[in-house]
Amino acid sequence: MKATETKLKGCFLIEPQVFYDSRGYFFESFNTEKFERLTGQQGNFVQDNQSASVFGVIRGLHFQKGDSAQAKLVRAIEGAVLDVAVDIRPDSETYGQWVAYELSAENHLQLYVPRGFAHGFSVLTENAVFAYKCDNLYDKAAEGGILYSDPTLAIDWRIPAGAELISEKDEALLPFAQLA
């Protein structure tokens, strides 16, 4: 496993060691000891989530507030997604900055998104199955979000205009400037 810190402190791109042979491949998708040694972050995940989506879906940008904040370790099991993490830690040098990485079933990359970040993804292939580990249980009362199309962030989701599939809930999120 290789862990590379992104330009956002505490946010890591994780690359597993994949072993291929005539039968297919094998890799260790998570190992607490290696994860903690390579990232310096705790790997105490308590909830696993999975979603299936079609091309054009954009989910996010979501986060949990206060004591319910969540770190996530995310990956695409099928297809490909553009995964986005936005630093929303007010005291951070990179507050308001974001990173985006293509995660796919082919490249096996994962992104570790620490607490204090908003997170979202867009589906780049016909279908995608997306999985993520969380280090805190979901709390509906602590939900927060930022409008995916926020002009201040100007995220290129790599989905053509008019092909976006957005939930009503995500369409109603507030812009970054109104983050409280």
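Every number in this text was worked out from the coordinates using simple rules, so none of it is lab data. Keep in mind it's a predicted model, so treat the numbers as computed, not measured. All Cβ positions, even for glycine, are placed from backbone atoms using ideal geometry, and neighbour counts span all protein chains on display.
Loop only per DSSP, at most 11 neighbouring Cβ atoms within 10 Å: give me the trypsin sites (Lys or Arg not before Pro) in segment 16-47, ordered by residue number.
Those satisfying the criteria are ARG23.
Restricting to DSSP loop positions (anything but H, G, I, E, B) with no more than 13 other Cβ atoms inside 10 Å of their own Cβ, which chymotrypsin sites (Phe, Trp or Tyr not before Pro) remain in segment 1-53?
Within segment 1-53, no chymotrypsin sites (Phe, Trp or Tyr not before Pro) qualify (loop, at most 13 other Cβ atoms within 10 Å).
When HIS119, HIS108 are ordered from fewest to most other Cβ atoms inside 10 Å of their Cβ, what list results?
The order, fewest Cβ neighbours first, is HIS108, HIS119.
Taking the Cα centre of the chain as the origin, how large is its charge dipole in debye, to the nearest 20, when only Lys and Arg (+1) and Asp and Glu (-1) carry charge on their Cβ atoms?
280 debye
Quick check: convex hull of the Cα atoms in segment 47-178, volume per residue, rounded to a whole Å³?
Spread over its residues, the Cα hull of segment 47-178 gives 103 Å³ apiece.
State which stretch of the chain is the longest one without any exposed GluC sites (Glu not before Pro), exposure meaning a DSSP loop state and at most 14 other Cβ atoms within 10 Å.
The answer is 29-92.
Give the lysines whose C-alpha is closer than 18 Å to that of LYS34, dropping any in the same chain fewer than 8 places away, or say none.
LYS2, LYS72, LYS133
Order these by the 10 Å Cβ neighbour count, fewest first: PHE121, PHE55.
PHE55, PHE121
If a/c stays under 1.5 just call it rounded; otherwise compare a/b with b/c (prolate if a/b is bigger, oblate if not). Do that for segment 100-164, with a ≥ b ≥ c from the square roots of the Cα gyration tensor eigenvalues.
Oblate is the answer for segment 100-164, as a/c is 1.5 or above yet b/c matches or exceeds a/b.
Under the rule of -39500 (n - 2.57) per DSSP H run of 4 or more residues, summed and divided by the residues of the chain, what mean residue ellipticity at 222 nm is obtained, to the nearest 500 deg cm²/dmol?
-1500 deg cm²/dmol
What's the exposure ranking of SER122, SER22, going from fewest to most Cβ atoms within 10 Å?
Least to most surrounded, the residues fall as SER22, SER122.
Please report the Cα spread of segment 18-72 along all three principal axes, rounded to whole Å, starting with the longest.
Here the spans come out as 47, 36, 16 Å, largest first.
Between segment 39-79 and segment 88-157, what is the separation of their alpha carbon centroids in Å?
First find each Cα centre; the distance between them is then 7 Å.
Averaging sequence separations of C-alpha pairs under 8 Å and six or more residues apart, then dividing by the length of the chain, give the relative contact order as a whole percent.
Dividing the mean separation by the residue count of the chain yields 28 percent.
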